[in-house]
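> Here it is, the structure in full.
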Amino acid sequence: MTIEASRAEQAFDLNIEKVLEHWTIPFAIRELIANALDEQALTGTADPEICKDDAGRWHVRDAGRGVRYEHLTQNENAEKRRHPQAIGQFGMGLKDALAVFDRRGVGVAIRSPHAVITTGRRPKEGFPDVVTLHALVSPGSDPGQTGTDITLAGVKDADVETARHFFLRYSEEELLETTEFGEVLAPPGQRQPARIYVKGLLVAEEPNFLFSYNITKLSAPLRRALNRERSNVGRSAYSDRVKAILTACRSTAVAGPLAEDLNGFAAGRLHDELAWRDVALHACRVLQTNEKVLFVTPWQMGTDNAQLRYALDDG
């Protein structure tokens, strides 16, 4: 499905036949939102807009420098890799999104001051028997336009909401504490898995974690493990960063729930963070520094212990 064709159109071969067969439309919309958020972070411009027009088409808009056809090549973005808040690193997000939209029958038009870009299938130059996806590039229709406006026709409201939910910014998580390695977020609701974000983008879920986390300072193993799909990243890739975040915390907002969770030790109901001894010990130390607490064993609690009576009397 195409939205419109423009004058002076040139076909830019994306070298794509069929890829990412298992990707759904929300995954593709996620890539557009990630690019818009990155452009905001890199340029310090206004928040991106994700909105629906009167014709029922969804828009992802940013106020940055504007997409050019050169951005459709596969090329690692050094600018994004250096920026502490930028999400992208593979230089393939926009191409992947266009491939998925084409596969799923979603119409897409990208408008910036530099170009109007749609998609279509064309024979490869010099190889008429091979048909690939091309970006159809025309000159920008409004040189005074600010940023990039991507229009999507044929996506459901639920697709957009699912895509938004991949991002910490749109997930209404409660921040408990910020460290140099990342952020600790409030425990999820009942029957909801904890979430692991990397620079604000969801990469994994943890059913038995006490907190959710946003990792902002990546380790080398985590950077290597971040796959093209940016999902289902294994715990071994980020566990060292979660430990670093927790042992850097200094607030009782984090230490209190961790120490309280130790009550489940005897019954075998600990959350997985407490399996890391250095994390449990650090939480106890923080709590003892900030509050009047005494740690005792279940056996000591069940005995007539004079020291416990003195501690209770002392508050």
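The values are calculated or read from the model by the stated rules, or taken from the named source; none is laboratory data. Quantities reported herein were computed from a predicted structural model and do not represent experimental measurements. Neighbour counts run over all protein chains shown; Cβ positions are idealised from the backbone, glycine included.
> Return a yes/no flag: does region 122-129 have any residue that is surrounded by 16 or more Cβ atoms within 10 Å (Cβ to Cβ), acidic (D, E) and more than 14 Å from D102 (Cβ to Cβ).
No, region 122-129 contains no residue that is surrounded by 16 or more Cβ atoms within 10 Å (Cβ to Cβ), acidic (D, E) and more than 14 Å from D102 (Cβ to Cβ).
> Additional query: With the condition being of a type outside the set (D, E, K, R) and touching a residue at least 40 places away in the same chain (Cβ under 8 Å), I'd like the helices (runs of 4 or more DSSP H) fully within region 243-315 carrying at least 3 qualifying residues.
Helices (runs of 4 or more DSSP H) meeting the threshold: 252-261.
> Another question about this same structure. Which residue pairs have Cβ atoms closer than 6 Å, lie 6 or more positions apart in sequence or on different chains, and pair a first residue in region 177-204 that is touching a residue at least 40 places away in the same chain (Cβ under 8 Å) with a second residue that is surrounded by fewer than 18 Cβ atoms within 10 Å (Cβ to Cβ) and in a loop (DSSP other than H, G, I, E, B)?
E177/S251; F181/K217
> May I pose another question? Among the residues of region 84-94, count how many are at pLDDT 70 or above and either assigned to a loop (DSSP other than H, G, I, E, B) or surrounded by fewer than 21 Cβ atoms within 10 Å (Cβ to Cβ) (or both).
Of the residues in that region, 2 qualify.
> Looking at region 119-142, I want the residues that are free of Cβ contacts under 8 Å to residues at least 40 places away in the same chain and have a partner that is β-branched (V, I, T) with Cβ atoms under 6 Å, at least 6 apart or on another chain. Which pairs are those?
Listed by first residue and then by second, the contacts come to R121/V131; P123/V131.
For (1) touching a residue at least 24 places away in the same chain (Cβ under 8 Å); (2) under 21 Å from V100 (Cβ atoms), each residue gets a yes or a no:
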residue: P26; (1), (2): yes, yes
residue: I29; (1), (2): yes, yes
residue: Q40; (1), (2): yes, no
residue: T45; (1), (2): yes, no
residue: P48; (1), (2): no, yes
residue: D54; (1), (2): no, no
residue: H59; (1), (2): yes, yes
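> When you scan region 282-306, how many residues do you find that are of a type in the set (F, W, Y) and more than 28 Å from I245 (Cβ to Cβ)?
Final tally of qualifying residues: 1.
> Follow-up. Would region 100-109 turn up any residue that is buried (at least 18 other Cβ atoms within 10 Å of the Cβ), of a type outside the set (F, W, Y) and assigned to a helix (DSSP H, G or I)?
yes
> If you take the residues in region 161-218 that are among the small types (G, A, S) and touching a strand residue (DSSP E or B) at 6+ places or on another chain (Cβ under 8 Å), which one is farthest from S251 (Cα to Cα)?
Once the filter is applied, the top-ranked residue is A204.
> Taking the condition part of a strand (DSSP E or B), modelled with pLDDT of 85 or more, in contact with a strand residue (DSSP E or B) (Cβ under 9 Å, 6 or more places away or on another chain) and of a type outside the set (V, I, T), does R65 pass?
For R65, the condition - part of a strand (DSSP E or B), modelled with pLDDT of 85 or more, in contact with a strand residue (DSSP E or B) (Cβ under 9 Å, 6 or more places away or on another chain) and of a type outside the set (V, I, T) - is not met.
> Hey, does region 145-156 have a residue that's free of Cβ contacts under 8 Å to residues at least 60 places away in the same chain and buried (at least 19 other Cβ atoms within 10 Å of the Cβ)?
Within region 145-156, none of the residues are free of Cβ contacts under 8 Å to residues at least 60 places away in the same chain and buried (at least 19 other Cβ atoms within 10 Å of the Cβ).
> Ok, one more. Look at E205 and say whether it is closer than 23 Å to P257 by Cα, assigned to a loop (DSSP other than H, G, I, E, B), out of contact with any Gly (no Cβ under 6 Å at 6 or more places or on another chain) and outside the structural domain of I117 (by TED's automatic domain parsing).
For E205, the condition - closer than 23 Å to P257 by Cα, assigned to a loop (DSSP other than H, G, I, E, B), out of contact with any Gly (no Cβ under 6 Å at 6 or more places or on another chain) and outside the structural domain of I117 (by TED's automatic domain parsing) - is not met.
> Is region 135-149 home to any residue that is in the same structural domain as S231 (by TED's automatic domain parsing) and closer than 21 Å to W58 by Cβ?
For region 135-149, residues in the same structural domain as S231 (by TED's automatic domain parsing) and closer than 21 Å to W58 by Cβ: absent.
> In this structure, is A115 modelled with pLDDT of 85 or more, under 15 Å from E31 (Cα atoms) and surrounded by 22 or more Cβ atoms within 10 Å (Cβ to Cβ)?
no
> Looking at E173, E125, can you tell me which residue is assigned by TED's automatic domain parsing to the domain that holds A34 and not aromatic (F, W, Y)?
The match here is E125.
> For D261, indicate whether it is in the same structural domain as T179 (by TED's automatic domain parsing) and in contact with a strand residue (DSSP E or B) (Cβ under 8 Å, 6 or more places away or on another chain).
No, not satisfied.
> If you go through region 150-167, how many residues are in a loop (DSSP other than H, G, I, E, B) and within 17 Å of G105 (Cβ to Cβ)?
Count: 3.
> Here is a further query. H71 versus (1) at pLDDT 85 or above; (2) surrounded by 13 or more Cβ atoms within 10 Å (Cβ to Cβ): which is the lone unmet condition?
In the conditions (1) at pLDDT 85 or above; (2) surrounded by 13 or more Cβ atoms within 10 Å (Cβ to Cβ), H71 misses (1) alone.
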